[in-house]
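Following this message is one structure expressed as structure tokens.
Quick note: the coordinates plus some simple rules give every number you see, no bench work behind them. What you see is a predicted model; the values in this text were computed from it and never measured. Note that we place each Cβ from the backbone using ideal geometry, even for glycine, and neighbour counts take in every protein chain shown.
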Amino acid sequence: MLTLVGEDRPGIVAAVTDCLYREGWSLGEASMIRLGGNFTIMMMVTSAAGAQALERVLRPLADAMDLRLHVDAIGGGLHRHLVPNIQVRVTGADRAGIVAKVTGALAQAGFNILELESDVAGVEDNPVYIMNIQGYAEQTVEALQAAVDGLNEPDIDVSVSAVDTLIG
Amino acid sequence: MAILDILTIPDERLKQASEPVTLFDAGLRSFIADLEQTRQAGPAAVGIAAPQAGRSQRIVIVDVSGRPKTANHGYMVLVNPEIIRWEGFELGREGCLSVPDYTGNVIRAERIELSAQDPDGQFHEYAMEGFEARAVQHEVDHLDGLLFLDRLVSRRTDLFRRKIYQKGIQRKEKGGT
Ligand SMILES: [Zn+2]
């Protein structure tokens, strides 16, 4: 698992993937996104060479582009996707604790987060926190909704719905 | 009857547009029976299109009746289907028999109207919405050589954000704050 974080600038993805390609590394699942002016890359890569070789390969590029580089040998592999069956949307006043409260209630109800995206919308003096979570749970939508309703937070709006994946 | 082989990516045949059906004979009906058997043999597919089974003809099967609380027309065989009206749009997650081990988000029309022939060549018109409309759009795409991969969107799309945000605002207004 390769992690790269640094101030965003054009060409990071191209430079990193070109370097990996030339050194014979294959790309797997990846998440790359700009967060608050930084560009973040988390990427599974494989090759016969090990984690140390990967670090050697990327170090000069990371230094040149001012990216923090971190490499972990992991046991994961491809084709281990879990398909989410539940979606949770949260909107509320932007204040500390909202994420912890909602995810805490969900975890207690047996909900496993697969993906979480959050952002702050609204105008500057009235920010609205928006979070979209996809995950997997054996419990029903109603049971999970009851769990988050139990938080009893008047200015947080949480809606739980089923993710129905159409196969065709 | 037979279970047919499903083409999977990156098979180039999945990218070809299919030909209209002109002959409504016993051969067509027997292929449709095989196609349905193939759909049922796979992992819970609500639809299947002929080109997925290597037959480049405009034939799809859709059946969402097994899904709880879903408006549906039951088991539908749509030959030479044409979507004639689209309305609204909705984000939903899709997977495909021809794209193993991957699902993604796709925007589809919420409501559609379509005309299609049945296995005997008779013309019918349908109006449908929601999950069933999504399934038909997914299958008709196969006839035009398109996969849901060609329509993937990020969940961070404008459409989605705006919807959530507006909901929040409306609720606030209702509450009078
Ligand atoms: Zn498909």
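With runs of 4+ DSSP H residues as the only contributors, calculate the mean residue ellipticity of chain A at 222 nm using -39,500 (n - 2.57) per run, divided by the residue total and rounded to the nearest 500.
Calculated from helices alone, the mean residue ellipticity at 222 nm is -8000 deg cm²/dmol.
Now, a different point. Residues of segment A:122-162 with backbone nitrogen within less than 18 Å of a virtual label 7 Å along the Cα-to-Cβ line of B:S154, please, listed as ranges.
A:122, A:130-134
Something else: Could you give P(r) for the protein assembly as shown, binned at 20 Å from zero, as whole percent values over all Cα-Cα pairs?
Over the protein assembly as shown, the share of Cα pairs per 20 Å bin runs 25, 49, 26, 1 percent.
Ok, one more. As an exercise, use a Förster radius of 41 Å and the Cβ-Cβ distance of A:R9 and B:S56 to find the FRET efficiency, rounded to the nearest 0.05.
About 0.30, to the nearest 0.05.
Could you order peptides A:114-124, B:118-128, A:134-144 by the average number of other Cβ atoms within 10 Å of their residues, highest first?
Peptide ranking by packing, descending: A:134-144, B:118-128, A:114-124.
Angle, helix B:158-175 long axis vs. longest principal axis of chain B, Cα atoms, 0 to 90°, nearest 10?
40
In a shell of Cβ-Cβ distance under 14 Å around A:G150, excluding A:G150 itself, what net charge do Lys and Arg (+1) and Asp and Glu (-1) give?
For residues surrounding A:G150, the net value is -2.
Still on this structure, please answer the following. Can you give the average number of partner chain beta-carbon atoms within 10 Å of each beta-carbon in peptide B:40-46, as a whole number?
Counting Cβ atoms of other protein chains within 10 Å of each residue's Cβ and averaging gives 2.
Please compute, for peptide B:98-104, the average count of beta-carbon atoms on other protein chains lying within 10 Å of each residue's beta-carbon.
Rounded to a whole number, the mean comes out at 3.
Compute the long axis of helix B:26-41 from its Cα atoms, compare it with the longest principal axis of the Cα atoms of chain B, and write down the angle in degrees, 0 to 90, nearest 10.
With rounding to tens, the tilt is 50 degrees.
What does the charge count around B:E113 come to, taking other residues whose C-beta lies under 9 Å from its C-beta (Lys +1, Arg +1, Asp -1, Glu -1)?
Taking every Cβ under 9 Å from that of B:E113, the sum is 0.
Once both labels are modelled 7 Å past Cα along the beta-carbon direction, what's the B:I3-A:S118 spacing in nm?
Taking the simple label geometry, B:I3 and A:S118 are separated by 4.5 nm.
I've got another one for you. Compute the projected area of the convex hull of the Cα atoms of chain A, averaged over all viewing directions, and report it in nm² to one decimal place.
Value for chain A: 12.8 nm².
Return the Rg/Rh value of chain B, two decimal places, where both radii are evaluated on C-alpha atoms and Rh is the Kirkwood radius.
Ratio value, two decimals: 1.03.
Now, a different point. Considering the zone a paramagnetic label at A:H70 would reach in this model (a point 7 Å from Cα along the Cα-to-Cβ line), which residues of segment A:11-43 have amide N under 14 Å from it?
A:40-43
To the nearest 0.05, how large is the calculated FRET efficiency for B:R67 and A:R80 if R₀ is 22 Å and r is the Cβ-Cβ distance?
Rounded to the nearest 0.05, the efficiency is 0.25.
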